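Novice: Let me give you the structure first, and then I'll get to my questions.
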């Protein structure tokens, strides 16, 4: 079974600074996707960024970027120029590639609460 | 992104009653919907996978007779918590998948259930 681990229950950052959230995962599969989701106080899950395992290039979405280390099974999220609106709970998630009864299922990490200080 | 709605957004019920939560995909046909449960400051735990026109697939440890799932159309899945008890109080979230290898899941806004 796949597992996703976020070892930082809480993180804080000053506004305009950079913060990195850690995530490791365990899988025996070669075809999978990794995601970072944001859950603000409204509790609406918002997709932040997605990485396909077969792509070596790290995904980037504006101020958000990932450091995908496939061999180490590590998938960290870097938030640059942090804004007050970035304050939320962040979840790392894993999804297998194609096929099988578990196709489409997301396995989430424990979450990291990010606080942004003005 | 796609729009997914859930109804109701919050519900309070008495112990022993049943509660139905609806999850609707508003702008695309969702062949598969997922139901998650989330306790305060904890992660999302998958409860079941709902496939249109077939029986839901439940995760280990989830009582299928207690959490009834019906996916009667490509835009609607329902989760019924039967004979609810205080320990069923939680935040329930659905997500939908449009299909395809590189598809993205879209999440509903969630339903907060409180059982007195």
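The values are calculated or read from the model by the stated rules, or taken from the named source; none is laboratory data. Since the structure is predicted, the reported quantities are computational estimates derived from the model, not experimental observations. Positions of Cβ are backbone-derived with ideal geometry, glycine not excepted, and every protein chain shown enters the neighbour counts.
Novice: Within the range A:59-75, restricting attention to residues that are surrounded by fewer than 19 Cβ atoms within 10 Å (Cβ to Cβ) and under 15 Å from residue A:22 (Cβ atoms), which residue is nearest to the other protein chains (Cβ to nearest Cβ)?
Specialist: Here the residue is A:64.
Novice: While we're looking at this one, here's another question. Just a yes or no: is a residue in the range A:11-28 at pLDDT below 95 and either within 14 Å of chain B (Cβ to nearest Cβ) or on the phi > 0 side of the Ramachandran plot (or both)?
Specialist: Here is the first cut: in the range A:11-28, the ones at pLDDT below 95 are A:27-28.
Narrowing further to those that are either within 14 Å of chain B (Cβ to nearest Cβ) or on the phi > 0 side of the Ramachandran plot (or both): none.
There is no residue in the range A:11-28 that is at pLDDT below 95 and either within 14 Å of chain B (Cβ to nearest Cβ) or on the phi > 0 side of the Ramachandran plot (or both).
Novice: Tell me which of these residue A:115 doesn't satisfy, since it passes every other one: (1) surrounded by fewer than 20 Cβ atoms within 10 Å (Cβ to Cβ); (2) over 15 Å from the mean Cα position of the chain (by Cα); (3) within 14 Å of chain B (Cβ to nearest Cβ); (4) not in a strand (DSSP E or B).
Specialist: (4)
Novice: Continuing with the same structure: Considering only strands (runs of 3 or more DSSP E) fully contained in the range B:1-113, which possess at least 2 residues that are away from chain A (no Cβ under 14 Å) and under 24 Å from residue A:49 (Cβ atoms)?
Specialist: Working: elements: B:4-7, B:10-13, B:19-25, B:32-38, B:44-51, B:67-73, B:76-81, B:90-97, B:105-107.
Here the list is empty.
Novice: Kindly provide the set of residues from the range A:89-112 that are on the phi < 0 side of the Ramachandran plot, crowded, with 20+ Cβ neighbours inside 10 Å, within 7 Å of chain B (Cβ to nearest Cβ) and modelled with pLDDT under 95, ordered by number.
Specialist: Scanning the range A:89-112 gives A:105, A:106.
Novice: Contact list please: Cβ distance under 6 Å, first residue in the range B:93-106 and more than 27 Å from residue B:42 (Cα to Cα), second residue modelled with pLDDT of 65 or more and crowded, with 16+ Cβ neighbours inside 10 Å, pairs at least six apart or on different chains.
Specialist: Hits for this filter: B:99/B:31.
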